[in-house]
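Asker: Below is one structure. I have some questions about it.
The values are calculated or read from the model by the stated rules, or taken from the named source; none is laboratory data. What you see is a predicted model, and the numbers here were worked out from it, not measured in a lab. Note: ideal-geometry Cβ built from the backbone for every residue, glycine included; neighbour counts use all protein chains shown. The protein model used for the area step is the full one, side chains on, heavy atoms only, and it has no ligands, DNA or RNA in it. Shrake-Rupley method; radii C 1.70, N 1.55, O 1.52, S 1.80 Å.
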Amino acid sequence: MSSLPSAADREQMSLRTPAAGDLARTAAQVAGDLLTATTPVRLTDVVPMPEQVRPEPADDHQLAADTVIQVSSGTAALAVAEHLAALLRPATGYPLPVTGTADLETDSSIVLALTEDDTLGAEGYRLAVTRAVVRITAATPAGLFHGVQTLRQLLPPAIESRTPVAGRWVLPGGSIVDRPRYPYRGAMLDVARHFFPVADVLRVIDHLARYKLNRLHLHLTDDQGWRIAVPGWPRLTTVGAATEVGDGPGGYYTTADYQRIVTYAAARHITVVPEIDLPGHTNAALVAYGELAPDGATPPPYTGTEVGFSYVDPTSERTYEFIADVLGEVAANTPGPYLHIGGDEAFKVKGATYTGFVERVQRIVADTGKSTVGWHQIAPAAHTEGRILQWWGTNGDDPATAEAVRRGARLILSPGNHAYLDMKYAPDTPLGHDWAGLIDVHRAYDWDPGSHVADVPAEAILGVEAPLWTESVTSLPEIEFMLFPRLPAIAELGWSPQSTHSWAGFRERLAGHGPRWAAAGITYHSSPEIPWPAAPAETTAPATTSPAGVPTTPATGPATTPSPSVATTPATDPVAESTPIPTQRTSETAIDPV
Ligand code: TNX
């Protein structure tokens, strides 16, 4: 495992933090650029690439101050319509009332309609843009929601502004028919190595929703911290949560916090997959309850980044009482069907002891009514109904995994050398590791989930997930820097048909998203592989040029720095019921090495 960013690296990052005056000037510049950003987006620019796209350039549709959002009868579509309205109101400044009937299609409306169309599946949608009407139809609210994310991308990047922008809000004419390749499309956030407050997690959920991801895997426990309250085991949080990598204070989610996360996710059609990592990665639990340790001796807290040394005692009944309590509590607060039991890197629990442990924990999971998910190391354990393995290998070849699939398991693909978002983009990326290699955007994109693991048939693939381990990641801007632009690459692999796969096309489409992220205050890595729109001539941003001659600072708003000193209140989408309207972060200096 590579070393974490040194104090000198971080020092350098904060040295590049712009002064307040520069920030204000940049904010004005971004707003000015956005004002002029009225060129219609092309219907073919959507990420992930839709299944079918038919542009009709004569049919562009312009939103207007009197545009209304109409929904088909019933309340199921109403929440999606309100979500859409909340997305579009800040930048347009239009009232966009939501009305409960689709009968009156006026000249200026967006219609969301639930239909019986069974060709669209559980998440598909149709979008038709004509001069008169924009219509999204789907068989489910989830399908409508994904259609809304497409609609959002078809408006100019300035739609991401949280304050009104004078512009022509034109949607490109034509139609899209779309549905996902895989039912499981996720990202993982490790909240154990570093703890992230609820507001940060909500913002990550919004990022997933933009790219039609539908699973958020939370890695809730590890050696460095225990992050979830469990009644009857108070020391897990009073003691086990008080540490993280380095010397930070740690933290944990109360039951109410966790419920807020799952509710916010559910409103965005995202299922939370909670992970309690067992039997290894448990030092924080052992610090809290030494009775669970193999020798009964409480270990010291651990805040380093090694793995594989800790484990709960697999021979003690107390261990299984603990696990039943923890998994029972987490299951009770989790609406989704999965419980992730980890199972990785338990180097000290070997052979039959390890498989026996996993099989017993799988039974405890089954007793909660959920399905077991585990890292692919659990493969040798017996099959149990609905068992899912998460592949994180780097060479696509593991006979034990293939055999577990033959016995009925399905796979989530997170190959370490393509999907691990904690890997560095390039040798000089200031955050991350390189044990699985460097992962630039091309590498994140260029693999096929359907044929990745040897001797595993395409039908056994449930989907893809991009994990972000956070040994080196300490703040929301740093999370975003590692997610963008690689998360959309993995999202496209999970959603788009393999027949649309094209690196040349993807990098062109992705380029248009840089200005969107900038307008939304999202920190991102301005990878030199992506042809970001050229910076306007008059920009005051210190746009620098990569060796390839590509500006590393995108035109309508440069990447923000992940320096914690620049980040303001973590922002969630304006649809967040109880979160404040975000403060836009408009700092300008990318941390990209130039
Ligand atoms: C391996 S991948 C781990 C994690 C580390 C990660 C760092 C896996 C299941 N385990 O414990 O955080 O590498 O990249």
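Asker: Need pairs with beta-carbon distance below 9 Å; first residue outside the structural domain of L462 (by the TED database) and modelled with pLDDT of 95 or more and within the stretch 408-420, second more than 10 Å from the ligand (Cβ to nearest atom) and open to solvent by 10 Å² or more (accessible area, probe 1.4 Å); sequence gap 6+ or separate chains.
Answerer: Partner pairs satisfying both residue conditions: none exist.
Asker: While we're looking at this one, here's another question. Could you run through the stretch 421-438 and say how many residues are open to solvent by 20 Å² or more (accessible area, probe 1.4 Å) and touching a residue at least 40 places away in the same chain (Cβ under 8 Å)?
Answerer: The qualifying residues number 6.
Asker: Kindly provide the set of residues from the stretch 301-320 that are more than 26 Å from the chain's Cα centre (by Cα), polar (S, T, N, Q) and buried (at least 18 other Cβ atoms within 10 Å of the Cβ), ordered by number.
Answerer: Answer for the stretch 301-320, where residues must be more than 26 Å from the chain's Cα centre (by Cα), polar (S, T, N, Q) and buried (at least 18 other Cβ atoms within 10 Å of the Cβ): S310, T319.
Asker: Now for a different question. In the stretch 380-402, which residues are more than 13 Å from the ligand (Cβ to nearest atom) and in contact (Cβ under 8 Å) with a residue 60 or more places away in the chain?
Answerer: I388
Asker: Report those helices (runs of 4 or more DSSP H) wholly inside the stretch 167-272 carrying at least 1 residues which are at pLDDT 95 or above and of a type in the set (F, W, Y).
Answerer: 255-267
Asker: Report every pair of residues separated by at least 6 positions or lying on different chains whose Cβ atoms are under 6 Å apart, first residue within the stretch 199-213 and more than 17 Å from L493 (Cβ to Cβ), second modelled with pLDDT of 95 or more and of a type in the set (V, I, T).
Answerer: Going by the 6 Å Cβ cut-off, the qualifying pairs are V201/I261; I205/I270.
Asker: For the stretch 425-437, indicate whether the set of residues that are more than 11 Å from the ligand (Cβ to nearest atom), outside any strand (DSSP E or B) and either basic (K, R) or outside the structural domain of V191 (by the TED database) (or both) is non-empty.
Answerer: No, the stretch 425-437 has no match at all.
Asker: Further question: Is it the case that some residue within the stretch 135-158 is open to solvent by 10 Å² or more (accessible area, probe 1.4 Å), at pLDDT 95 or above, part of a helix (DSSP H, G or I) and in the same structural domain as H340 (by the TED database)?
Answerer: no
Asker: Then there is this: Select from the stretch 470-489 the residues that are in contact (Cβ under 8 Å) with a residue 60 or more places away in the chain and in contact with a Leu (Cβ under 8 Å, 6 or more places away or on another chain) and list them in ascending order.
Answerer: Correct list: T470, E471, S472, V473, E478, I479, F481, M482, L483, R486, L487, P488.
Asker: Would you confirm, using the coordinates I've provided, whether D325 is among the acidic types (D, E) and either outside the structural domain of T470 (by the TED database) or in contact with a helix residue (DSSP H, G or I) (Cβ under 8 Å, 6 or more places away or on another chain) (or both)?
Answerer: When the stated conditions are applied, D325 does not pass them.
Conditions (1) touching a Gly at 6+ places or on another chain (Cβ under 6 Å); (2) over 20 Å from G240 (Cα atoms); (3) within 16 Å of the ligand (Cβ to nearest atom), marked per residue:
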| site | (1), (2), (3) |
| --- | --- |
| L286 | no, no, no |
| E291 | no, no, no |
| T298 | yes, no, no |
| T305 | no, no, yes |
| Y311 | yes, no, yes |
| V326 | no, no, no |
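Asker: Another one. Residues that are in contact with a strand residue (DSSP E or B) (Cβ under 6 Å, 6 or more places away or on another chain) and within 15 Å of F481 (Cα to Cα): does the stretch 448-459 have at least one?
Answerer: No: zero hits.
Asker: In the stretch 90-97, is there at least one residue being within 24 Å of the chain's Cα centre (by Cα) and farther than 20 Å from V46 by Cβ?
Answerer: yes
Asker: Determine, yes or no, whether V129 is in contact with a Gly (Cβ under 7 Å, 6 or more places away or on another chain) and either of a type in the set (G, A, S) or open to solvent by less than 30 Å² (accessible area, probe 1.4 Å) (or both).
Answerer: yes
Asker: Filter the stretch 182-211 for residues that are away from the ligand (no atom under 16 Å from the Cβ) and touching a Pro at 6+ places or on another chain (Cβ under 6 Å) and give the result.
Answerer: Scanning the stretch 182-211 gives A199, D200, R203, Y211.
Asker: When the residues of the stretch 321-343 are filtered to those that are out of contact with any Phe, Trp or Tyr (no Cβ under 6 Å at 6 or more places or on another chain) and within 19 Å of N214 (Cα to Cα), which remaining residue is most open to solvent (accessible area, probe 1.4 Å)?
Answerer: So, considering only residues that are out of contact with any Phe, Trp or Tyr (no Cβ under 6 Å at 6 or more places or on another chain) and within 19 Å of N214 (Cα to Cα), the one most open to solvent (accessible area, probe 1.4 Å) is P335.
Asker: Looking at (1) open to solvent by less than 10 Å² (accessible area, probe 1.4 Å); (2) within 16 Å of the ligand (Cβ to nearest atom); (3) out of contact with any strand residue (DSSP E or B) (no Cβ under 8 Å at 6 or more places or on another chain); (4) farther than 14 Å from T429 by Cβ, find the lone condition where T474 falls short.
Answerer: With (1) open to solvent by less than 10 Å² (accessible area, probe 1.4 Å); (2) within 16 Å of the ligand (Cβ to nearest atom); (3) out of contact with any strand residue (DSSP E or B) (no Cβ under 8 Å at 6 or more places or on another chain); (4) farther than 14 Å from T429 by Cβ applied to T474, the lone miss is (1).
Asker: Let me spell it out: the conditions are (1) surrounded by fewer than 24 Cβ atoms within 10 Å (Cβ to Cβ); (2) over 20 Å from Y211 (Cα atoms); (3) of a type outside the set (K, R); (4) in contact with a Lys or Arg (Cβ under 7 Å, 6 or more places away or on another chain), and V441 meets all of them except one. Which number is the exception?
Answerer: (2)
Asker: Residues to consider are A504, A534; find the one that is assigned by the TED database to the domain that holds I412 and either away from the ligand (no atom under 16 Å from the Cβ) or open to solvent by less than 10 Å² (accessible area, probe 1.4 Å) (or both).
Answerer: Just one listed residue meets the conditions, A504.
Asker: P399 - would you say it is surrounded by fewer than 19 Cβ atoms within 10 Å (Cβ to Cβ) and out of contact with any Ser or Thr (no Cβ under 7 Å at 6 or more places or on another chain)?
Answerer: Yes; evaluated as a whole, the condition is true for this residue.
Asker: Also: Of I364, I323, I388, I378, which residue is of a type in the set (A, V, I, L, M) and closer than 26 Å to H433 by Cα?
Answerer: Result: I378 is the single residue among I364, I323, I388, I378 that is of a type in the set (A, V, I, L, M) and closer than 26 Å to H433 by Cα.
Asker: Within the bounds of the stretch 17-31, is there any residue that is open to solvent by less than 40 Å² (accessible area, probe 1.4 Å), more than 27 Å from H525 (Cβ to Cβ) and either more than 16 Å from the ligand (Cβ to nearest atom) or modelled with pLDDT under 95 (or both)?
Answerer: no
Asker: Let me ask you something else. Tell me whether the stretch 289-300 contains one or more residues that are of a type in the set (S, T, Y), assigned by the TED database to the domain that holds S371 and surrounded by fewer than 17 Cβ atoms within 10 Å (Cβ to Cβ).
Answerer: Yes, there is a match, as at least one residue in the stretch 289-300 is of a type in the set (S, T, Y), assigned by the TED database to the domain that holds S371 and surrounded by fewer than 17 Cβ atoms within 10 Å (Cβ to Cβ).
Residues are listed down the side, and each one gets a yes or a no for (1) polar (S, T, N, Q); (2) more than 16 Å from the ligand (Cβ to nearest atom):
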{"position": "K350", "(1), (2)": "no, yes"}
{"position": "T353", "(1), (2)": "yes, yes"}
{"position": "V358", "(1), (2)": "no, no"}
{"position": "Q362", "(1), (2)": "yes, yes"}
{"position": "V365", "(1), (2)": "no, yes"}
{"position": "T372", "(1), (2)": "yes, no"}
{"position": "D422", "(1), (2)": "no, no"}
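Asker: Among the residues of the stretch 265-272, are any touching a residue at least 60 places away in the same chain (Cβ under 8 Å), more than 23 Å from I388 (Cα to Cα) and open to solvent by less than 10 Å² (accessible area, probe 1.4 Å)?
Answerer: yes
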